[in-house]
1. Any idea what the dipole of the chain comes to, in debye rounded to 20, about its Cα centre with Lys/Arg Cβ at +1 and Asp/Glu Cβ at -1?
2. Just by accessible area at a 1.4 angstrom probe, what is the order of Ser294, Ser115 from largest to smallest?
3. Of Ala203, Leu267, Ile165, which is farthest along the charge dipole of segment 129-275 in the positive direction, counting Lys and Arg as +1 and Asp and Glu as -1 at C-beta?
4. Rounded to the nearest 500 deg cm²/dmol, what is the calculated helix-only ellipticity per residue at 222 nm for the chain, with -39500 (n - 2.57) per DSSP H run of length n ≥ 4?
5. Which shape class applies to segment 2-50: rounded if a/c is under 1.5, otherwise prolate when a/b exceeds b/c and oblate if not, where a ≥ b ≥ c are the square roots of the Cα gyration tensor eigenvalues?
6. Computed over the Cα atoms of segment 287-330, what is the convex hull's projected area averaged over all directions, in nm²?
7. With a Förster radius of 41 Å, plug the Cβ-Cβ distance of Lys321 and Ser28 into 1/(1 + (r/R0)^6) and report the FRET value to the nearest 0.05.
8. Considering only protein heavy atoms and a 1.4 Å probe, what is the carbon-and-sulfur percentage of the accessible area of segment 129-275?
Amino acid sequence: MKTILLKNRPEGKPQTSDFEFVERDKPSPKDGEVLLETKYVSVDPYMRGRMRDEKSYIEPFKLDEPIQSAIVAEVVESKHEKFQKGDFLTGMLQWKEFQTSNGKGLRKVSKDKVSLSAYLGVLGMTGLTAYFGLTRIGELKEGETLLVSGAAGAVGSVVGQIGKIKGCKVIGIAGTDEKVEMLKNEFGFDDAINYDKTDDMAAAIKKAAPDGIDVYFDNVGSYTLDAAMENINRFGRVINCGAISLYNETEQPTGPRLETKIVKKSLKMQGFIVRNFEEDFEEGIEQLSSWLKSGKLKHEETIVEGFDEIPQAFLDLFDGKNKGKMVVKV
Ligand code: NAP
(Lines give C-alpha, C1' and ligand atoms only; values in the text may rest on other atoms or scores of the structure.)
Protein backbone atom coordinates (compact mmCIF):
# COMPACT_ATOMS: atom_id res chain seq x y z
CA MET A 1 0.00 0.00 0.00
CA LYS A 2 1.12 3.56 -0.68
CA THR A 3 2.21 6.08 1.94
CA ILE A 4 3.23 9.71 1.40
CA LEU A 5 6.17 11.09 3.40
CA LEU A 6 7.54 14.61 3.81
CA LYS A 7 10.86 14.45 1.98
CA ASN A 8 12.13 18.04 2.34
CA ARG A 9 11.25 21.13 4.32
CA PRO A 10 10.33 23.50 1.46
CA GLU A 11 11.83 26.97 1.10
CA GLY A 12 9.24 29.23 -0.52
CA LYS A 13 6.56 27.50 -2.57
CA PRO A 14 6.43 23.71 -1.96
CA GLN A 15 7.01 21.35 -4.93
CA THR A 16 5.92 17.77 -5.62
CA SER A 17 9.57 16.77 -5.02
CA ASP A 18 9.08 17.71 -1.34
CA PHE A 19 6.90 14.59 -1.01
CA GLU A 20 7.89 10.95 -1.38
CA PHE A 21 5.67 7.96 -2.18
CA VAL A 22 6.78 4.69 -0.57
CA GLU A 23 5.27 1.19 -0.52
CA ARG A 24 4.59 -0.30 2.91
CA ASP A 25 2.98 -3.58 4.01
CA LYS A 26 -0.71 -3.32 4.82
CA PRO A 27 -0.94 -3.46 8.64
CA SER A 28 -3.15 -5.82 10.68
CA PRO A 29 -5.24 -4.50 13.56
CA LYS A 30 -4.44 -5.71 17.09
CA ASP A 31 -7.07 -6.16 19.81
CA GLY A 32 -8.74 -2.77 20.44
CA GLU A 33 -7.85 -1.50 16.95
CA VAL A 34 -9.50 -1.06 13.55
CA LEU A 35 -8.04 -1.32 10.05
CA LEU A 36 -9.05 1.78 8.10
CA GLU A 37 -9.16 2.35 4.36
CA THR A 38 -8.69 6.00 3.40
CA LYS A 39 -11.64 7.41 1.42
CA TYR A 40 -11.39 11.24 1.47
CA VAL A 41 -8.35 13.35 2.33
CA SER A 42 -8.42 17.02 3.30
CA VAL A 43 -5.61 19.27 2.11
CA ASP A 44 -5.35 22.57 3.99
CA PRO A 45 -3.21 25.72 3.83
CA TYR A 46 -2.21 25.47 7.54
CA MET A 47 -0.27 22.30 6.68
CA ARG A 48 2.34 24.53 5.02
CA GLY A 49 3.24 25.78 8.52
CA ARG A 50 3.71 22.19 9.74
CA MET A 51 6.37 21.68 7.06
CA ARG A 52 8.60 24.19 8.89
CA ASP A 53 10.67 23.03 11.83
CA GLU A 54 9.18 25.70 14.08
CA LYS A 55 7.38 25.73 17.40
CA SER A 56 3.69 26.50 16.82
CA TYR A 57 0.22 25.60 18.06
CA ILE A 58 0.66 22.22 16.36
CA GLU A 59 3.73 20.00 16.01
CA PRO A 60 5.78 20.19 12.81
CA PHE A 61 5.66 17.20 10.43
CA LYS A 62 8.75 15.03 10.78
CA LEU A 63 11.00 14.48 7.79
CA ASP A 64 10.66 11.01 6.19
CA GLU A 65 7.47 10.38 8.17
CA PRO A 66 3.90 10.22 6.79
CA ILE A 67 2.04 13.50 6.42
CA GLN A 68 -1.12 13.84 8.48
CA SER A 69 -4.38 15.64 7.77
CA ALA A 70 -8.12 15.29 8.37
CA ILE A 71 -9.37 12.13 6.64
CA VAL A 72 -12.59 10.15 6.28
CA ALA A 73 -11.86 6.42 6.32
CA GLU A 74 -13.89 3.20 6.24
CA VAL A 75 -13.46 0.48 8.83
CA VAL A 76 -12.54 -2.63 6.82
CA GLU A 77 -11.70 -4.84 9.82
CA SER A 78 -12.52 -4.25 13.47
CA LYS A 79 -11.12 -5.59 16.73
CA HIS A 80 -12.55 -2.55 18.53
CA GLU A 81 -15.75 -2.88 20.53
CA LYS A 82 -17.14 0.53 19.46
CA PHE A 83 -16.58 0.27 15.70
CA GLN A 84 -17.93 -2.19 13.13
CA LYS A 85 -16.79 -3.11 9.64
CA GLY A 86 -18.44 -0.63 7.25
CA ASP A 87 -18.41 2.30 9.71
CA PHE A 88 -16.96 5.58 8.47
CA LEU A 89 -14.68 7.50 10.84
CA THR A 90 -13.11 10.92 10.62
CA GLY A 91 -10.22 12.60 12.40
CA MET A 92 -6.52 13.30 11.99
CA LEU A 93 -4.96 10.35 10.13
CA GLN A 94 -1.94 9.72 7.97
CA TRP A 95 -1.53 9.91 4.19
CA LYS A 96 -1.65 6.11 3.79
CA GLU A 97 -4.04 3.96 1.78
CA PHE A 98 -4.60 1.78 4.87
CA GLN A 99 -3.76 2.29 8.54
CA THR A 100 -4.64 0.90 11.94
CA SER A 101 -6.00 3.00 14.79
CA ASN A 102 -7.19 2.53 18.36
CA GLY A 103 -9.98 5.02 17.54
CA LYS A 104 -8.69 7.78 19.82
CA GLY A 105 -9.62 11.21 18.39
CA LEU A 106 -11.85 9.66 15.68
CA ARG A 107 -15.61 10.08 15.41
CA LYS A 108 -18.22 8.13 13.50
CA VAL A 109 -19.88 9.86 10.54
CA SER A 110 -22.74 8.81 8.32
CA LYS A 111 -23.27 9.28 4.60
CA ASP A 112 -27.05 9.16 4.95
CA LYS A 113 -27.74 12.91 4.92
CA VAL A 114 -24.62 14.53 3.46
CA SER A 115 -21.68 13.34 1.39
CA LEU A 116 -18.77 11.99 3.45
CA SER A 117 -16.52 14.74 2.10
CA ALA A 118 -18.69 17.34 3.88
CA TYR A 119 -17.12 16.21 7.19
CA LEU A 120 -13.82 17.60 5.92
CA GLY A 121 -15.37 20.92 4.89
CA VAL A 122 -18.62 22.55 5.86
CA LEU A 123 -19.26 20.07 8.73
CA GLY A 124 -15.55 19.81 9.58
CA MET A 125 -12.67 22.07 10.47
CA THR A 126 -13.26 24.76 7.84
CA GLY A 127 -17.00 25.14 8.51
CA LEU A 128 -16.34 25.37 12.24
CA THR A 129 -13.60 27.94 11.65
CA ALA A 130 -16.03 30.12 9.72
CA TYR A 131 -18.78 29.71 12.32
CA PHE A 132 -16.76 30.34 15.49
CA GLY A 133 -14.52 33.02 13.97
CA LEU A 134 -17.47 35.02 12.74
CA THR A 135 -19.85 34.58 15.66
CA ARG A 136 -17.50 34.47 18.67
CA ILE A 137 -14.69 36.77 17.55
CA GLY A 138 -16.42 38.89 14.92
CA GLU A 139 -19.61 39.15 16.98
CA LEU A 140 -21.36 39.91 13.69
CA LYS A 141 -24.73 41.64 14.06
CA GLU A 142 -27.68 42.04 11.71
CA GLY A 143 -27.37 45.01 9.36
CA GLU A 144 -23.57 45.23 9.57
CA THR A 145 -21.20 45.13 6.61
CA LEU A 146 -18.90 42.11 6.41
CA LEU A 147 -15.81 41.84 4.21
CA VAL A 148 -14.16 38.44 3.71
CA SER A 149 -10.99 37.58 1.80
CA GLY A 150 -10.25 34.12 0.41
CA ALA A 151 -14.00 34.35 -0.09
CA ALA A 152 -14.41 31.53 -2.62
CA GLY A 153 -12.46 29.02 -0.53
CA ALA A 154 -13.58 26.56 2.12
CA VAL A 155 -13.65 28.94 5.10
CA GLY A 156 -14.46 32.12 3.15
CA SER A 157 -17.47 30.75 1.26
CA VAL A 158 -19.07 29.65 4.54
CA VAL A 159 -18.21 32.96 6.26
CA GLY A 160 -19.97 34.97 3.55
CA GLN A 161 -23.03 32.75 3.57
CA ILE A 162 -23.34 32.97 7.36
CA GLY A 163 -23.08 36.75 6.92
CA LYS A 164 -26.10 36.64 4.60
CA ILE A 165 -28.02 34.34 6.97
CA LYS A 166 -27.38 36.92 9.73
CA GLY A 167 -28.84 39.70 7.58
CA CYS A 168 -25.60 41.51 6.73
CA LYS A 169 -24.22 43.17 3.63
CA VAL A 170 -21.43 40.84 2.44
CA ILE A 171 -18.49 41.65 0.19
CA GLY A 172 -15.99 38.99 -0.89
CA ILE A 173 -12.46 39.14 -2.28
CA ALA A 174 -11.25 36.30 -4.53
CA GLY A 175 -8.74 35.62 -7.30
CA THR A 176 -10.73 35.06 -10.52
CA ASP A 177 -13.78 36.47 -12.34
CA GLU A 178 -15.39 33.02 -12.21
CA LYS A 179 -15.08 33.00 -8.41
CA VAL A 180 -16.46 36.55 -8.20
CA GLU A 181 -19.51 35.48 -10.24
CA MET A 182 -19.98 32.38 -8.08
CA LEU A 183 -19.94 34.50 -4.90
CA LYS A 184 -22.59 36.86 -6.23
CA ASN A 185 -24.81 34.43 -8.13
CA GLU A 186 -24.59 31.20 -6.13
CA PHE A 187 -23.84 32.39 -2.61
CA GLY A 188 -25.79 35.66 -2.65
CA PHE A 189 -22.88 37.98 -1.78
CA ASP A 190 -23.83 41.62 -2.34
CA ASP A 191 -20.58 42.32 -4.14
CA ALA A 192 -17.23 40.70 -4.86
CA ILE A 193 -13.79 41.94 -5.95
CA ASN A 194 -11.22 40.12 -8.10
CA TYR A 195 -7.94 41.07 -6.39
CA ASP A 196 -5.96 39.94 -9.40
CA LYS A 197 -7.57 42.66 -11.54
CA THR A 198 -7.53 45.41 -8.90
CA ASP A 199 -4.65 47.89 -8.62
CA ASP A 200 -6.09 49.84 -5.71
CA MET A 201 -7.74 47.41 -3.28
CA ALA A 202 -8.59 50.08 -0.70
CA ALA A 203 -10.51 52.05 -3.38
CA ALA A 204 -12.25 48.90 -4.64
CA ILE A 205 -13.45 48.08 -1.12
CA LYS A 206 -14.63 51.67 -0.64
CA LYS A 207 -16.61 51.47 -3.89
CA ALA A 208 -18.28 48.22 -2.78
CA ALA A 209 -18.89 49.48 0.78
CA PRO A 210 -19.19 53.30 0.76
CA ASP A 211 -20.33 53.23 4.42
CA GLY A 212 -17.29 51.23 5.50
CA ILE A 213 -16.68 47.74 6.89
CA ASP A 214 -17.82 46.63 10.35
CA VAL A 215 -16.26 43.18 10.35
CA TYR A 216 -13.30 41.97 8.29
CA PHE A 217 -12.67 38.20 8.19
CA ASP A 218 -9.07 37.90 7.02
CA ASN A 219 -7.92 34.69 5.34
CA VAL A 220 -5.05 36.11 3.28
CA GLY A 221 -3.22 38.82 5.30
CA SER A 222 -0.65 41.32 4.00
CA TYR A 223 -1.73 43.99 1.47
CA THR A 224 -5.37 42.88 1.50
CA LEU A 225 -5.48 43.36 5.27
CA ASP A 226 -3.87 46.82 4.88
CA ALA A 227 -6.56 47.79 2.35
CA ALA A 228 -9.37 46.49 4.57
CA MET A 229 -8.00 48.54 7.48
CA GLU A 230 -8.36 51.68 5.35
CA ASN A 231 -12.10 51.03 5.24
CA ILE A 232 -12.85 49.78 8.72
CA ASN A 233 -15.52 51.56 10.75
CA ARG A 234 -15.45 52.69 14.37
CA PHE A 235 -15.87 49.69 16.73
CA GLY A 236 -14.93 47.41 13.82
CA ARG A 237 -13.71 43.85 14.40
CA VAL A 238 -10.89 42.22 12.45
CA ILE A 239 -10.79 38.43 12.61
CA ASN A 240 -7.29 37.14 11.84
CA CYS A 241 -8.08 33.62 10.65
CA GLY A 242 -5.15 33.07 8.30
CA ALA A 243 -2.62 34.76 6.04
CA ILE A 244 -2.17 32.47 3.05
CA SER A 245 -0.50 35.18 0.97
CA LEU A 246 2.45 35.02 3.39
CA TYR A 247 2.80 31.25 3.89
CA ASN A 248 5.33 30.72 1.08
CA GLU A 249 7.19 34.03 1.53
CA THR A 250 10.82 33.68 2.56
CA GLU A 251 10.87 37.33 3.67
CA GLN A 252 7.82 38.83 5.31
CA PRO A 253 6.74 42.17 3.75
CA THR A 254 6.28 45.09 6.12
CA GLY A 255 3.12 47.19 6.22
CA PRO A 256 1.67 50.38 7.67
CA ARG A 257 1.56 50.80 11.46
CA LEU A 258 -1.94 50.13 12.76
CA GLU A 259 -1.88 51.10 16.43
CA THR A 260 -3.19 54.66 16.13
CA LYS A 261 -6.00 53.46 13.84
CA ILE A 262 -6.88 50.71 16.32
CA VAL A 263 -7.03 53.24 19.19
CA LYS A 264 -8.82 56.03 17.34
CA LYS A 265 -11.47 53.73 15.89
CA SER A 266 -11.76 51.50 19.00
CA LEU A 267 -11.07 48.42 16.87
CA LYS A 268 -10.73 44.84 17.97
CA MET A 269 -8.27 42.63 16.10
CA GLN A 270 -7.97 39.02 17.19
CA GLY A 271 -6.38 35.86 15.90
CA PHE A 272 -7.71 32.42 16.74
CA ILE A 273 -7.26 28.72 16.12
CA VAL A 274 -10.49 26.77 15.63
CA ARG A 275 -9.42 24.27 18.29
CA ASN A 276 -9.86 27.07 20.87
CA PHE A 277 -13.59 26.33 20.53
CA GLU A 278 -13.29 22.52 20.72
CA GLU A 279 -15.67 22.26 23.67
CA ASP A 280 -18.43 23.86 21.56
CA PHE A 281 -17.87 21.91 18.33
CA GLU A 282 -21.15 20.01 18.76
CA GLU A 283 -23.06 23.32 18.83
CA GLY A 284 -21.27 24.45 15.67
CA ILE A 285 -21.90 21.20 13.81
CA GLU A 286 -25.56 21.25 14.81
CA GLN A 287 -26.04 24.82 13.58
CA LEU A 288 -24.16 24.26 10.31
CA SER A 289 -26.08 20.99 9.68
CA SER A 290 -29.38 22.74 10.24
CA TRP A 291 -28.51 25.56 7.81
CA LEU A 292 -27.38 22.93 5.27
CA LYS A 293 -30.60 20.96 5.69
CA SER A 294 -32.78 24.04 5.24
CA GLY A 295 -30.85 25.04 2.12
CA LYS A 296 -29.66 28.33 3.66
CA LEU A 297 -26.06 27.14 3.44
CA LYS A 298 -24.57 25.69 0.26
CA HIS A 299 -21.70 23.28 0.32
CA GLU A 300 -19.15 23.95 -2.42
CA GLU A 301 -16.18 21.61 -2.91
CA THR A 302 -13.50 20.76 -5.44
CA ILE A 303 -12.94 17.00 -5.50
CA VAL A 304 -9.73 15.68 -7.02
CA GLU A 305 -9.61 11.93 -7.63
CA GLY A 306 -6.78 9.53 -6.74
CA PHE A 307 -4.39 8.90 -3.85
CA ASP A 308 -1.43 9.89 -6.07
CA GLU A 309 -2.95 13.38 -6.53
CA ILE A 310 -2.89 14.31 -2.82
CA PRO A 311 0.37 16.35 -2.90
CA GLN A 312 -0.64 18.20 -6.09
CA ALA A 313 -4.06 19.04 -4.63
CA PHE A 314 -2.27 20.55 -1.63
CA LEU A 315 0.03 22.60 -3.90
CA ASP A 316 -2.95 23.77 -5.97
CA LEU A 317 -4.41 25.57 -2.93
CA PHE A 318 -1.64 28.14 -3.34
CA ASP A 319 -2.61 28.69 -6.98
CA GLY A 320 -6.29 29.11 -6.18
CA LYS A 321 -7.33 26.04 -8.20
CA ASN A 322 -10.12 25.21 -5.72
CA LYS A 323 -13.63 26.56 -5.32
CA GLY A 324 -14.91 25.76 -1.84
CA LYS A 325 -13.21 22.93 0.04
CA MET A 326 -10.36 21.08 -1.69
CA VAL A 327 -10.72 17.35 -1.03
CA VAL A 328 -9.09 14.28 -2.55
CA LYS A 329 -11.28 11.24 -3.15
CA VAL A 330 -9.15 8.11 -2.94
P1 NAP B 1 -9.13 27.82 0.82
O2 NAP B 1 -9.55 29.25 0.96
O3 NAP B 1 -10.15 26.82 0.45
O4 NAP B 1 -7.97 27.68 -0.24
C5 NAP B 1 -6.95 28.59 -0.33
C6 NAP B 1 -7.35 29.79 -1.23
O7 NAP B 1 -6.51 30.87 -0.90
C8 NAP B 1 -7.13 29.54 -2.71
O9 NAP B 1 -8.22 28.93 -3.32
C10 NAP B 1 -6.84 30.92 -3.24
O11 NAP B 1 -8.04 31.51 -3.76
C12 NAP B 1 -6.39 31.72 -2.02
N13 NAP B 1 -4.99 32.14 -2.16
C14 NAP B 1 -3.93 31.35 -2.39
N15 NAP B 1 -2.80 32.09 -2.45
C16 NAP B 1 -3.19 33.39 -2.25
C17 NAP B 1 -2.49 34.63 -2.20
N18 NAP B 1 -1.16 34.71 -2.36
N19 NAP B 1 -3.23 35.75 -2.00
C20 NAP B 1 -4.57 35.70 -1.85
N21 NAP B 1 -5.27 34.55 -1.87
C22 NAP B 1 -4.59 33.41 -2.07
O23 NAP B 1 -8.44 27.39 2.17
P24 NAP B 1 -9.13 27.34 3.59
O25 NAP B 1 -8.88 26.00 4.16
O26 NAP B 1 -10.50 27.86 3.50
O27 NAP B 1 -8.25 28.36 4.44
C28 NAP B 1 -8.43 29.77 4.26
C29 NAP B 1 -7.58 30.50 5.30
O30 NAP B 1 -8.04 30.18 6.60
C31 NAP B 1 -6.09 30.12 5.27
O32 NAP B 1 -5.34 31.26 5.56
C33 NAP B 1 -5.98 29.11 6.39
O34 NAP B 1 -4.69 29.02 6.90
C35 NAP B 1 -6.97 29.70 7.38
N36 NAP B 1 -7.53 28.75 8.36
C37 NAP B 1 -7.41 29.08 9.67
C38 NAP B 1 -7.95 28.26 10.62
C39 NAP B 1 -7.84 28.65 12.05
O40 NAP B 1 -8.14 27.83 12.92
N41 NAP B 1 -7.43 29.88 12.34
C42 NAP B 1 -8.61 27.08 10.24
C43 NAP B 1 -8.74 26.79 8.88
C44 NAP B 1 -8.19 27.65 7.93
P45 NAP B 1 -7.99 32.76 -4.78
O46 NAP B 1 -8.27 32.22 -6.13
O47 NAP B 1 -9.07 33.65 -4.27
O48 NAP B 1 -6.62 33.36 -4.71
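The values are calculated or read from the model by the stated rules, or taken from the named source; none is laboratory data. As the structure is a computational prediction, the values presented were derived from the model and not from experiment. Backbone-built Cβ (ideal geometry, glycine too); neighbour counts: all protein chains shown. Side chains included, ligands, DNA and RNA excluded: accessible areas come from the protein's heavy atoms. Shrake-Rupley method; radii C 1.70, N 1.55, O 1.52, S 1.80 Å.
1. Numbers: 47 positive and 53 negative charges, 149 e Å.
Here the chain has a charge dipole of around 720 debye.
2. Ser294, Ser115
3. Leu267
4. On the way: 9 runs with 76 residues, N = 330.
For the chain, the value works out to -6500 deg cm²/dmol.
5. Details: a/c = 2.91, a/b = 1.98, b/c = 1.47.
Note, shape of segment 2-50 comes out prolate.
6. Details: hull surface 14.7 nm².
Average of the hull's projected areas for segment 287-330 equals 3.7 nm².
7. Numbers: r = 38 Å, r/R0 = 0.92.
Computed FRET efficiency for Lys321 and Ser28 comes out at 0.60.
8. 48 percent
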